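First comes the structure, then the notes that go with it.
The values are calculated or read from the model by the stated rules, or taken from the named source; none is laboratory data. The model shown is predicted, which means the values in this text are computed figures rather than measured ones. Using ideal geometry, Cβ is built from the backbone for each residue, glycine included, and neighbour counts are taken over all protein chains shown. Areas reflect the complete protein model, heavy atoms only, side chains present, ligands, DNA and RNA absent. Shrake-Rupley method; radii C 1.70, N 1.55, O 1.52, S 1.80 Å.
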Amino acid sequence: MNVYATIALLVSVALLQATVAPAASLGGAQPEWALLCVIVWGLLRGPRNGFIWALFLGLMLDQLSPLPVGFYTLPLLAAAWVTTGGRDVAFGTHFVLPMIMTVIGTAVYSLGQLALLSFVRGGYVPWNVTDLSATLLPILALNLLWLPVVYVPLRALARKGAGPRMEWGSR
Amino acid sequence: MMAGLLVVLSMTFIQGWPGVAMVNDGLGRVLAPVANVADAFGKQARVLWSAPGNSAVALERLEALERENAELKIDNAKLGEVTRENDRLRELLAFKRARIDLDLRGASVQASTFAREPGSLVHGAWIDAGHAQGVALGDPVASNRGLVGRVTRVLDRSAHVQLILDAESSVGARIERTLATGLLSGSPSGRLLLRYIPQNVSGEDERVQVGDLVYSSGLSGAAHFPPMIPIGQVVEVLQSDERPTQEAVVRPFVTFDELDLVLVITDWRPDPGIGEEPSLEGAVGGSSDG
């Protein structure tokens, strides 16, 4: 997949995240399609690609939010770093791996955002297990539910362009 | 020829005989329904046989009717949407009439939300009104059902509204029944928590109860909101005698998932004489705020 197609895809994902995802919300949580794309792509095409997607999508989401730049980018990069590290370690390409990484990635991404919200922005974040569970579990469940929808087309895309990986330089 | 003539003549004479009349009558009764059915088939056959042109005309008419039906369905759907929008606008208008004090201070801008915050833990929405429509930073936003939030970022033709559900949002609120004030905070999960409500010792009735209505108090603080805008209803009371204040979970009147049309309250400024937001120290032992 060339750079322009990748940019178009990522812009679309970011816009869908801001406009359509709220309509797909369940139990007060909305699916984190951008996060799922980063996790899945990182697992399919390696940490480098995962980081590039995390950086690009994070900056796009930051642009769509009035919060300071980095509120979405930093947790997304952290999630990419944690999840793509598990590639080729335990389950290879088995579907269990993306599921486990979705759980870990969602936790890292959400806790990162909560930390920024609480300690940097001064927002009211109840740091107790009950409230955190009530906040994170719906997001986690929804992400696991949406994982196949994101995973299958991205896997097809990764297989289609299995030759040269996406590079930012001219090649 | 002759034979045929003889048969007809003989039949003519035979018709007068009573036995033949009975046979004729019986046959008539049996054959009449069969004849009716045959006649119906005949008519249908004549219609079909009469001309292929007729069926073509019928088909054209059918297509025209189907087109008309489709157009009517579209018109009906449009009408339904217009009716719903009209209802929403009427409700907004009713809210504006009910809050004539706000209208006197300046125009309210009607806007529709078109995008949300791209994450589950932050609660905000973009509206299609900005500087060009007179929206300014910090303007309160409401809908016909109640308080929505405040403007936190303004562009030329759009603005971002921080919903009261957001963890960074805090609203001075008052319980309608007891007039006790507190600080309404949002949270990452979108749960509204009314905090720092004084623990009144004078009587059980003064305590927060499930079902109590919560309004904005108009007290100044980090964010300013006009007083007496409905916010929600207490659904759970978190009370402990060990703590100096009470807390209550509030369910908002506004259905934020279905938020569509909102009013931006422009030009509203808090009265300088109104007291400060309730604090933990100030809340202990008293509930009135005037």
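Among the residues of segment A:113-132, write down those that are small (Gly, Ala, Ser) and more than 10 Å from chain B (Cβ to nearest Cβ).
If the condition is that a residue be small (Gly, Ala, Ser) and more than 10 Å from chain B (Cβ to nearest Cβ), then A:ALA115 is the only one that fits.
Name the residue, out of B:VAL214, B:VAL210, B:VAL171, that is assigned to a loop (DSSP other than H, G, I, E, B), among the aliphatic types (A, V, I, L, M) and away from chain A (no Cβ under 11 Å).
Answer to the selection: B:VAL210.
Being outside any helix (DSSP H, G or I) and under 13 Å from A:VAL150 (Cβ atoms) is the filter here; which residues of segment A:37-57 pass it?
Once the filter is applied, which keeps residues that are outside any helix (DSSP H, G or I) and under 13 Å from A:VAL150 (Cβ atoms), segment A:37-57 yields nothing.
Hey, among the residues in segment A:116-134 that are in a helix (DSSP H, G or I) and within 19 Å of A:LEU74 (Cβ to Cβ), which one's most open to solvent (accessible area, probe 1.4 Å)?
Within segment A:116-134, the match that is most open to solvent (accessible area, probe 1.4 Å) is A:PHE119.
Go through segment B:140-157 and give me each residue that's open to solvent by 20 Å² or more (accessible area, probe 1.4 Å) and either within 9 Å of chain A (Cβ to nearest Cβ) or under 24 Å from the mean Cα position of the chain (by Cα) (or both).
B:ASN144, B:ARG145, B:ARG150, B:THR152, B:ARG153
Quick check on this structure: which one of A:ALA14, A:ALA34, A:ALA18 is within 10 Å of chain B (Cβ to nearest Cβ), assigned to a helix (DSSP H, G or I) and at pLDDT below 85?
Answer to the selection: A:ALA18.
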